[in-house]
Structure formats: C-alpha cells, structure tokens
Amino acid sequence: MLDKTFEHNAIEQSHYALWEQTGAFRAHADSVKTPHTIMMPPPNVTGTLHIGHALTNTLQDILTRYHRMAGRDALWLPGTDHAGIATQMVVERQLDAKGLKRRDMGRTAFLDKVWEWKAESGGTIIRQLRRLGCTPDWTRERFTMDEGLSKAVRHAFVQMHRDGLIYRDKRLVNWDPKLHTALSDIEVVQKENKGHMWHIRYPIEGQEERFITIATTRPETMLGDTAIVVNPDDERYQDLVGKFAVLPIVDRLIPIIADSYVDKEFGSGAMKVTPAHDFNDFELGKRHGLEVINIFDLNAHINDNAPAEYRGLDRYAARKKVLHELEAQDLLASVEDVTNTLPFGDRSDVVIEPYLMDQWYCDAPKLAVEAIKAVEDGRTEFVPKNWENTYFEWMRNIQPWCISRQLWWGHQIPAWFGPEGSIFVAETEEEAYTQARAQFGQAVKLTQDDDVLDTWFSSGLWPFSTLGWPDKTPELARYYPGDVLITGFDIIFFWVARMMMMGLYFMKEVPFRKVYLHALVRDAKGQKMSKSKGNVIDPLDIVEKYGADALRFTITAMAAQGRDIRMSEDRIEGYRNFATKLWNAARYCQMNGCLPRGDVDPYAAKHTLNRWIVGAVAQAQRDMATAFETFRFNEAANIAYQFTWGTFCDWYLEFTKPLLTGEGTDPALKQETRDITGWVLDQILLMLNPIMPFITEELYESLAPRDAKRLLTSQWPRFDAKTVDQAAEKDVEQLIKVITAIRSVRADMNVPAGAQIPLCISTSQSDAADWLDRYHDILNRMARLESSVLAPAAPKGAVQTIVAGMTLAIPVAAYIDLDKERERLRKEIGKLSDNLTRIEDKLKNDNFVQNAPAEILAEQKSRQAEMTTLIAKFTQALDQLEAA
C-alpha cells in the first residue's frame, strides 16, 4: 500500500541513480530509429544552478523524454563551458588568499592550478542538473577545453585564417583596465550614472576671441582629440569647415570637418572627435583619415602621448587636472548635471575604456550573409517567430568580431610570432616552425601568442565539435544538424548567431532546425530577479522544500511563448499540491482495486462513463503530443493538469464511486470500471512523466508489477480518432455542464452548502427524459439536489440559467433571504465598480501609462479584466434575483 503522504525527498535521488544505471539516457549512433538531437547550452564550469538554468534544462529534458517515449533515438548532449574570464577570476581569488599571484607563478603553473580546481569543483552544476531530474546522455559529456574540442578549435582557427576570415588588426575594443583583457559586449554592463556635461570652448586658429563650443562627459579624452566635426548643412559653422581649432592644454591644431553623422539640433551642433577612445569616433576617423592618438596605457593611466605633467595620472585624476586648467584658461563655458550610462565590466565592476590595440578579428559581416539567408528561407525557424526580426537586425549590422582575450585560461591562439613581424598560424608548433623555415630558409625562434580565444569562439563550434568534428564520425553524420536549440533570448547574438555562422561555414548546413527562445523568469511582481532586491529564487532550495516535480511543473505551466515567467513560491506550492492530488488519487485507486493491468483493452469498455473517459484520455494525449512538438509547454502542462485534477479526479472518480462501492452493481461492470480506472491512471502517469518524472515513476513501479520495465523507457501511446465515442462524450459533457452550472448558481446566491434543493428542467430535446433517467442519481448526488425533474415551466422564486439547450430552474427563495442577498450583491458590485473606475482612470492617464514599470502596468490591466468579469457575474446574479 502506498504511504499516506508523498515524500519527495525519500524517492527522488534513489530513482535518478537507478535511471542512470539502466543506460536509458543514452543515444545510439547505430540505431535505426529517427534521431532527435538537442545540444545543451553549456553552463559555465564555475556555475551553480540558478532559476534560468532550471527553466532551460527542464524544457530540454521534457522534449528529450517525450521524444524518447515517442520512439526517437534521442540525443541530449551535455557539457560545460570553460568560461575563460570567470574561471580565471575564481582561481586567482583563491591564490590571492594564499598570497600568490599568477604572474609570479608563470603560465604553466597557474594553468595547472586551474585544472586542479576544475577537477575538484568544476562539476557542481552537473550534479545539480541530476537533482533536477535531467536525463542527457552523460556518457557523451563534453567540456569546451577537452582534447577533442581543443583540436576542433585549432582546426577552425587555422582554416578560417587561411580563408581570410580571421585576421589581425588594430581597432577599438572594450578594455577592462583592472583585469587587463578585452571584453565581449555581453560582458559589459550599462549602469545609470549621475554625472556632468562639461561645455568646453576651443579657440579658432587665427580668429581672436572666436570659439567653437564642445560638450563632453569625458573631458580627459580631449588630450587625444584629432578633429572637430559639424553637420555640413549647419549654417553656423559653414565658414569654419576646412579651418583649424586649437586643442586646449595640448596646443595642437585639429581640423574642423563636416559629416552628416552630427545632429545639428543636439547641443551646440559641434562634436569633438577622439578616434582612439570612442567607437563612433573611431569610424568617423576612418572615414576622414584622421590621426588616431591613444592617451591611455593598459591601466587607464595617461601615457606619453599627452603633455608631460599628465603622464602617469589615473584617468579620473587627469580629468580633475584638465578641468582645473580649462577654468584657469577661461575655456570652461558651463557645467550641467546629467544622467547618462557608463559601461562597466561585469566581473571587475570598473568602467570599461574603448582602447586601441592589436587584436585578432573574425570577419563576422561576411559570415553573417549565409546565416541571414538560412533564416530568411526557413532552414532555421525561430519560436516565437518575432525573434527573427531581432536576429536580422543584429546580423545585418554586425561588426568584426574581436576573438582574442588577454587571459591565460582558454584556448591559446595557434599563432606564432617570428622575425620581422612575421606571423605563422598552424595547428601545432611543429607546423609553425616548418612554415618559418620555408619562409626564412633556416631555423628561427618563434613565440606563441599569449592571448586566448574568446569563449564564444569555442562555443560557436559546439553543435558539431561535440560530435567529433573535424573527424568524420558516425555521430556527426547522424546527429547534425540538431532538431532544436532551447535557450534564452538574451544570447541570440552572442551564441545563437555565432553557431549559425560557424555551422554554415564549416558544415554547409544550419546547426539546428528550430530555435526556441524562452523568456525571463521574474518574481511574482514581474521584477527581474537580483540579489540586491532579495527576490532571487534558488531552485535547489525549492527542490528541497517542494520537490523537483513541483518546480518542473511550475516552470512548464508558466512557459508560455513570448511571455516572461512570474515565479512565486505560492505557485510552486500550488503545483506541489497537484502532486499530492495525484498521489491521493492513486491511493484511492489502489484501495478500491483499480490497479493497472497489462491486458486491459480500453476499446472493449461498454459503460458510457468508461467509454467517455477512454476517449478523453486519447484526446488529452493527442493534444499534449501536439503541444510538445510545437513547443507550447504551458499548454501541455495545462492539458495534463486539467485532465488529471478535473476530468479524472473531480469527475470520473466521483461519477464511478457508486459503481465501485454499490452493493447492487453488476460484477462485470464493477470489474470493467476497476480495469478502466487503473488503465486511465497508467495513462496519466505516462502523460505526466516528461514533466513530473519522479512521482510518476514511483507510482508506476509501486502500483503494479512491471517485469523490470520503467516508465522512463515506456512508449508514448498513439490513439486514432475512433477512440472517442462521440455519443458518450456528448452525454457526459452535458452532465458536467449542468452540474457546474448548478454549483455556480449555488455559490453566487449563497445557498448553504448542506441544503438539498430541487431542480426543474425544461427543454425541447427529445431524448432529455432518457438522459435524465440515466444520470438522475449522479446529478442529484454531485449537485446536492433534493430532486431533479422535467417541468414545462419554472416554479415561483426560481433562478434560471440555460445550459446545453436546457433551462435549469433552481428555486432558491426557500433557502436564502432574497432581500439580504440582493443587497449583498449590490454592495459587491458597487465596491468593485469604484475600484474599477480608479484603475481605468489610471490607465487613461498617459503620464502613468508611459512611466509606470511594465510589471505595474500589466498588474493593473490584469486587475481591470478580473474586476470587469466579477461585475458582470454579480450583475447577472442580481438580475436573476430581481426576477425571482
């Protein structure tokens, strides 16, 4: 007998260990089954499970489990990313605590320490994914710096360099002056800042007392100005174009040029150009052939390109000195307070500098051409489709991709520097020396580039490098391209786009046919989760408290396409209660002998209720399969929930109680009902298993002998349309609607729960008498009726409602105080109307609508809809009482 209560902690971990031992997670490259491939977005090796990981991996696991049950050879390939800068920082902090510095240790010794840390602590998130119930093929687990992937990275770099797609160039990068590395855009956080705008007067050469005023938030960068630019149509400055201004403090002449980039209506309409320290200025400088003067060193201190008295100063100390000198020269026209955004390194938390330096670049604009076409012609589809527009916008404006990082942990760039500025790119050091000997005719000394590749470079190869590329493996031939990629929309550009470009370039085929982009997980109020707000939900705490099944079901039920998930502990607790409901239903079935049996033929059922539930099972399973296959996860969860709690527990089990417990029930009918009840319970476990694997597996194994078979390896049932008995469906659905309507009237009219009330039905349906005769007992029992009869007219004092072609007359006057109830309803309507008016006034206020946070606006609209529905409901009830 099942325990009285379901204890998730007692079963979850033991089940997972048994699943893994069976080898059921594995894909089989020699299988004749149709493959289904999902590549796990590799979490950082430094990472621990957060709610975003829980969402992404739950959805992937659901699809993998479903397709495995549906007869596909399902490969969900797991792995972790070496996370260059994050991992290096973790290990450096550990060494700092021991008084050790990586540069004192040297590269080899430091990397040995990183590998030691990875071996000991780097698998935390993988263990946590197991706790969540995820079933990837762990035998194929990869790491972006394992030997196979390192080989793939070297091969890719060399081939792209040979084809002219990787090159070395001097350009601006996001430079972190604390960590001493270039950063990708995703590693840069824009923070709002309360600062100043300084208006500086630049003297015009040869025109005494004439100035051109420039506004800047970074006055220290003026030391590297090489031009002033104005709009060519700006009449104020047309006579100055082609002339020179005198750069204050430096006393260097800089040209005044014209470019339509400048907005003549903004500020003074004139702009200083500092090509070495601003991304837009850099492009302007290239267009006009301007000199590029870098005034910072790697620490963001002033270098030797500035006047001597500034050299060595920190950038902010230099700012103070520049402003002091401008004031002294009467060249600071004005200062205004402004709120702007500043770029911060996401790990160092210092302001990032645009910095001019030699780096390795990838020709992303060229690679993007085919990646754009692949989405345009439908080879890869985005779900929801509107994300294609974001993808196109980014890809059509893509810039060269800086792929080098000034770190030690990562894929060291396979390039060697030789004499006379020569560079040799090769997969091995031996090949590089061979190239050098061929060029110089003798052995020369080579030094490998110290830099490593951007983490996104190796991640971009993930869909095929993990399958053995560049070797031609059976896995590569079978599992590429993938069926679907599931990830967050925030890395469309940084990861999805790179995989598209790399896959099409190397494999000549898209890396995945579908890209499902899920939304963000927010808190109950719609706010983004953050430690500073104290609203972070730790999935492991939730698993401990409510179970993995409850968390998984909550995530699935709320994963509507294109809509952020509002997560709260109350929601999770509610779905934990759903698990309890399922457990209790299984205990009821067990206590009444309704156990699953392998030889039950559901098509042979004779009783209308049993034929109806068999058809309802078939419909639910078809609908769930469609929902899974179209990535409508919330619909799949809702179908399972409504069928289990509503159709099965609230209706079928209640309908059939007399058949199971009544002394006069025909033994054959009683056995049929037991068999069908047990069969339906089994189908529910099958349907729910991809979403709630632990409780369903426990019940599946506990309720009946299975010949060592597990739910994990069971088949997803397929039923054809003839399974649905339409006559039985019509009969029972009508019964449900009538009972629901009566219950609703009772609730709306405040009829006491224990009151047994009469029901009069009037209808023109010819078979109404037969229908009522068949379901008279169920109707009276479940709607708490004293009697139910056909009658030509409604009795006095009756409330009427029309359902399924029947007019239901319910005489409530004998059970409630009509005057008191009318007054109660009027007060409720009045209170709701006042609240609704206040909400509608807010929503009519343009200032509120434009400035309110999105979550507040959504909450107000939700309350508006809820109150409108309640007012309509109470008004209808009041109208009925007025007529009674």
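Per-structure values
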read-out: Residue satisfying all of: in segment 401-437; of a type in the set (Val, Ile, Thr) and open to solvent by 10 Å² or more (accessible area, probe 1.4 Å); farthest from Glu92 (Cα to Cα) among these; value: Thr434
read-out: Condition met for Ala769 (closer than 30 Å to Lys657 by Cβ, surrounded by fewer than 14 Cβ atoms within 10 Å (Cβ to Cβ) and touching a Gly at 6+ places or on another chain (Cβ under 9 Å)); value: no
read-out: Cross-chain or 6+ apart pairs with Cβ under 7 Å, segment 116-143 first and closer than 20 Å to His36 by Cβ, then small (Gly, Ala, Ser) and not in a helix (DSSP H, G or I); value: Asp137/Ala27; Glu141/Gly79; Arg142/Gly79
read-out: Any hit, segment 581-599, residues being basic (Lys, Arg) and at pLDDT 95 or above; value: yes
read-out: Pairs with Cβ under 8 Å, 6+ apart, first in segment 537-551 and more than 12 Å from Ile695 (Cβ to Cβ) and open to solvent by 50 Å² or more (accessible area, probe 1.4 Å), second hydrophobic (A, V, I, L, M, F, W, C) and assigned to a helix (DSSP H, G or I); value: Asp538/Ile51
read-out: Qualifying residues in segment 438-464 (those that are surrounded by 13 or more Cβ atoms within 10 Å (Cβ to Cβ) and farther than 24 Å from Tyr361 by Cα) - the one farthest from the chain's Cα centre (by Cα); value: Phe440
read-out: Test set (1) surrounded by 14 or more Cβ atoms within 10 Å (Cβ to Cβ); (2) within 28 Å of Asn397 (Cα to Cα); (3) among the charged types (D, E, K, R) - Lys286 fails condition number; value: (1)
read-out: Single match in Ile413, Ile398, Ile403, Ile372 (criterion: touching a Cys at 6+ places or on another chain (Cβ under 8 Å), among the hydrophobic types (A, V, I, L, M, F, W, C) and in contact (Cβ under 8 Å) with a residue 12 or more places away in the chain); value: Ile403
read-out: Number of positions in segment 712-766 that are open to solvent by 70 Å² or more (accessible area, probe 1.4 Å), assigned to a loop (DSSP other than H, G, I, E, B) and closer than 30 Å to Thr64 by Cβ; value: 3
read-out: Within segment 173-231, tally of residues that are outside any loop (DSSP other than H, G, I, E, B), basic (Lys, Arg) and over 43 Å from the mean Cα position of the chain (by Cα); value: 1
read-out: All positions within segment 661-683 that are polar (S, T, N, Q), under 20 Å from Leu711 (Cβ atoms) and touching a Pro at 6+ places or on another chain (Cβ under 8 Å); value: Gln683
read-out: Residues of segment 767-798 classified as part of a loop (DSSP other than H, G, I, E, B) and either under 18 Å from Lys737 (Cβ atoms) or out of contact with any Ser or Thr (no Cβ under 8 Å at 6 or more places or on another chain) (or both), total; value: 6
read-out: Filter result for the condition that a residue is touching a Lys or Arg at 6+ places or on another chain (Cβ under 9 Å) and closer than 18 Å to Arg405 by Cα, over Gly84, Gly106, Gly164; value: Gly84
read-out: Selected residue (criterion: surrounded by the fewest Cβ atoms within 10 Å (Cβ to Cβ)) from residues of segment 22-56 that are polar (S, T, N, Q) and in contact with a helix residue (DSSP H, G or I) (Cβ under 6 Å, 6 or more places away or on another chain); value: Thr48
read-out: Qualifying positions in segment 327-361 - open to solvent by less than 40 Å² (accessible area, probe 1.4 Å), in contact with a helix residue (DSSP H, G or I) (Cβ under 7 Å, 6 or more places away or on another chain) and closer than 24 Å to Met89 by Cα; value: Gly345, Pro354
read-out: Residues of segment 561-580 classified as over 10 Å from His8 (Cβ atoms) and surrounded by 17 or more Cβ atoms within 10 Å (Cβ to Cβ), total; value: 9
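Residue-by-condition table, conditions (1) of a type outside the set (Gly, Ala, Ser); (2) loosely packed, with under 15 Cβ neighbours inside 10 Å; (3) closer than 30 Å to Ala747 by Cβ:
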position: Glu840; (1), (2), (3): yes, yes, yes
position: Lys844; (1), (2), (3): yes, yes, no
position: Ala854; (1), (2), (3): no, yes, no
position: Glu859; (1), (2), (3): yes, no, yes
position: Ser862; (1), (2), (3): no, yes, yes
position: Glu866; (1), (2), (3): yes, yes, yes
position: Ala872; (1), (2), (3): no, yes, yes
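Yes/no matrix, rows are residues, columns are (1) among the β-branched types (Val, Ile, Thr); (2) open to solvent by less than 60 Å² (accessible area, probe 1.4 Å); (3) under 16 Å from Ser458 (Cβ atoms); (4) in a helix (DSSP H, G or I):
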| residue | (1), (2), (3), (4) |
| --- | --- |
| Leu75 | no, yes, no, no |
| Ile85 | yes, yes, yes, yes |
| Val90 | yes, yes, no, yes |
| Leu95 | no, yes, no, yes |
| Thr135 | yes, yes, no, no |
| Leu149 | no, yes, yes, yes |
| Phe157 | no, yes, yes, yes |
| Tyr167 | no, no, no, no |
| Lys170 | no, no, no, no |
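The values are calculated or read from the model by the stated rules, or taken from the named source; none is laboratory data. Here the structure is a predicted model, which is why all the values come from computation and not from measurement. Cβ atoms come from the backbone with ideal geometry, glycine included; neighbour counts cover every protein chain shown. Ligands, DNA and RNA are excluded from the accessible area calculation, which covers all protein heavy atoms including side chains. Shrake-Rupley method; radii C 1.70, N 1.55, O 1.52, S 1.80 Å.
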